[in-house]
Every structure is written in structure tokens, then in C-alpha cells.
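Below: the structure, in C-alpha cells.
The values are calculated or read from the model by the stated rules, or taken from the named source; none is laboratory data. Small disclaimer: the values here were computed from a predicted structure and weren't measured. For neighbour counting, all protein chains shown are included, and Cβ atoms are generated from backbone atoms with ideal geometry for every residue, glycine included.
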Amino acid sequence: MTESDHKRSIRSFVRRTGRLTASQQRALDEIWPSVGVQYGDDPLDWETLFGRDAPRVVEIGFGNGDTLVAQAAERPEADFLGIEVHEPGVGHCLIKLREAEVSNLRLLSHDAVEVLDRQIPQSSVDRINLYFPDPWPKKRHHKRRIVQPAFLELCWRALRAGGALHIATDWANYAEHIDEVLEASPRFELEERREHAGDRPLERPQTKFERRGLKLGHRIVDWRYRAIE
Ligand SMILES: C[S@@+](CC[C@H](N)C(=O)[O-])C[C@H]1O[C@@H](n2cnc3c(N)ncnc32)[C@H](O)[C@@H]1O
């Protein structure tokens with residue numbers, strides 16, 4: 001096993017064997033073929049995928065996808081790619097996507113780190129959204145946190161010069177980690193940092209995990225970083 005294979009085996013998620021509901025399974029059978037993108041080594045051809053050349057937004061770990069569908073519906077002039085490993089979440093998102101009748105959203109069900117590494121062409125994305133990534137609160141699990149220098153390098157490579165990286169968390173300790181890793185990054189500069197009580201999300205709708213955090217009394221931190229040319 002090479003060093004990089006080993007690093008890749010430290011994932012930011014654990015595959016949960018959550019059961020699919022009958023309607024999620026039906027959505028995967030019926031809707032996935034028209035909006036699902038297969039993971040593979042070939043670089044994504046954005047223009048073929050959406051049939052146009054438009055601003056592109058990638059959301060990493062969209063959970064149940066409600067927020068992703070809302071954003072795609074709000075911005076029909078942009079194209080959205082959601083990446084999520086949790087199959088019931090993908091099924092839920094497919095149902096919402098059909099209800100909302102959005103045509104500017106595609107989904108990919110695979111580890112986003114590998115998708116960024118192998119499938120997203122360089123300098124092809126305008127904005128990356130990472131909302132409430134798994135916090136991995138125990139110290140011995142901190143290495144699983146997705147926000148790491150190597151991940152930032154992949155985001156930077158995918159983004160056009162001047163593109164935006166949006167991050168939000170409700171975990172104070174993860175917020176400190178994000179501040180530190182991004183401050184040390186030569187690839188991004190901070191444009192806005194907003195700490196709030198769930199009432200001032202930064203250019204995004206509220207998410208399911210945000211609501212969960214608020215119920216626990218957590219404060220929210222939102223960041224917008226700019227990819228340095
Ligand atoms: C805490 S949840 C947040 C979900 C949603 N963004 C929200 O705010 O409600 C984090 C999500 O990221 C997904 N995830 C974690 N690591 C991932 C990865 N490397 N690639 C794709 N999805 C990932 C998990 O499956 C989970 O659904």
C-alpha cells in the first residue's frame with residue numbers, strides 16, 4: 001500500500017447501511033438514470049452534462065438534499081452538482097428534485113474527495129459548498145475531518161480563479177480547526193466570516209443539520225473564501 005493509498009483509506013464518512021424507503025428505492029430506479037452521474041476516471045464534461053455553459057456550483061455532502069434542491073430552484077441560471085455517499089439521502093434528494101421540477105441539478109454518489117481528485121476538471125467550478133460537514137468531535141477522529149490541507153488543494157484546483165468556497169459548521173471545535181487550516185492555506189483568502197444563531201446564513205438556505213445543531217444550542221459559523229489566482 002502506498003502512502004497516498006493509505007491516506008485515501010482515511011475517509012471523512014462511515015458508510016451507514018441506512019434502509020431505503022420504498023419511495024427512495026423507486027426514485028433511485030426511475031429518476032437516477034436521468035440525473036445521476038457515474039463515478040469514473042474520465043473528467044466530467046460539464047457542457048454535455050447540462051447541455052449548456054453556465055456558472056457551476058458543487059455541493060459536497062448534501063445530506064437529504066433539501067437545501068441543494070432549494071438552491072437549484074432559486075438559481076435556474078446556474079448548474080448544480082451534488083455529491084453524497086449516503087444512499088437514502090440521494091433517494092430523498094431525487095424525490096425532491098422531481099417535485100421541484102428543477103432541470104439544473106445532477107447528483108453523484110461517491111466519496112467527494114475522489115470525485116474532486118479524478119473527475120472534476122481543473123478550474124471548471126465557480127462555487128463549492130460544504131455545509132455542516134461531519135464534525136468528528138473525538139480527538140482521535142479529527143484526522144477524518146474533511147477540511148484538511150490536501151482537501152483544500154483539491155477544491156482550489158477545481159475552482160476557477162476567484163471562485164468561492166463556502167463552509168458552515170455548528171461545532172465550535174471544528175470552527176477553530178477550519179479557521180486554522182484555512183488561515184495556513186496559501187490557496188484561499190477569507191472574504192467573510194459570520195457567526196450567528198441560525199438567523200444569518202451566508203448566501204444559503206438553512207439545512208437539516210443546522211436545525212439539529214440549533215436545537216442543541218450550538219452557534220453557527222459561516223465562511224466564504226476566495227480562491228487565490
Ligand atoms: C453532517 S451531514 C450534513 C448534511 C447536510 N449538508 C446538512 O447540512 O444537512 C454530512 C454529510 O456529508 C456526507 N459526507 C461525508 N463525507 C463525504 C464525502 N467524502 N463525500 C461525500 N459525502 C460525504 C455524509 O454522508 C453526510 O450526509
Suppose we keep only residues that are in a strand (DSSP E or B) and more than 11 Å from the ligand (Cβ to nearest atom) within region 79-106. Which one would you say is farthest from Gly61 (Cα to Cα)? Asp79
Subset of region 56-78 (residues that are among the basic types (Lys, Arg) and out of contact with any Ser or Thr (no Cβ under 8 Å at 6 or more places or on another chain)): Arg75
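Suppose we keep only residues that are within 12 Å of the ligand (Cβ to nearest atom) and among the aliphatic types (A, V, I, L, M) within region 34-68. Which one would you say is surrounded by the fewest Cβ atoms within 10 Å (Cβ to Cβ)? Outline the logic, then answer.
Going residue by residue through region 34-68, those that are within 12 Å of the ligand (Cβ to nearest atom) are 39, 58-68.
If we keep only those that are among the aliphatic types (A, V, I, L, M) too, we end up with 58, 60, 68.
On the way: Val58: 26, Ile60: 23, Leu68: 30.
For region 34-68, the residue satisfying everything is Ile60.
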Matching residues, region 107-126, being over 19 Å from Pro88 (Cα atoms) and either within 15 Å of the ligand (Cβ to nearest atom) or assigned to a helix (DSSP H, G or I) (or both): Val113, Glu114, Val115, Leu116, Asp117, Arg118, Gln119, Ile120
Among the residues of region 201-229, which ones are in a loop (DSSP other than H, G, I, E, B) and within 16 Å of the ligand (Cβ to nearest atom)? Pro201, Leu202, Glu203, Arg204, Pro205, Gln206, Thr207, Leu216, His218, Arg219
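Out of curiosity, is Pro135 within 12 Å of the ligand (Cβ to nearest atom) and not aliphatic (A, V, I, L, M)?
Yes.
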Go through (1) over 17 Å from Phe132 (Cβ atoms); (2) loosely packed, with under 15 Cβ neighbours inside 10 Å and name the single condition Val14 misses. (1)
Suppose the filter is crowded, with 17+ Cβ neighbours inside 10 Å and in contact (Cβ under 8 Å) with a residue 12 or more places away in the chain; does Gln122 pass it? no
Does Arg98 satisfy the criteria of being basic (Lys, Arg), in contact with a strand residue (DSSP E or B) (Cβ under 7 Å, 6 or more places away or on another chain), farther than 12 Å from Leu154 by Cβ and modelled with pLDDT of 95 or more? no
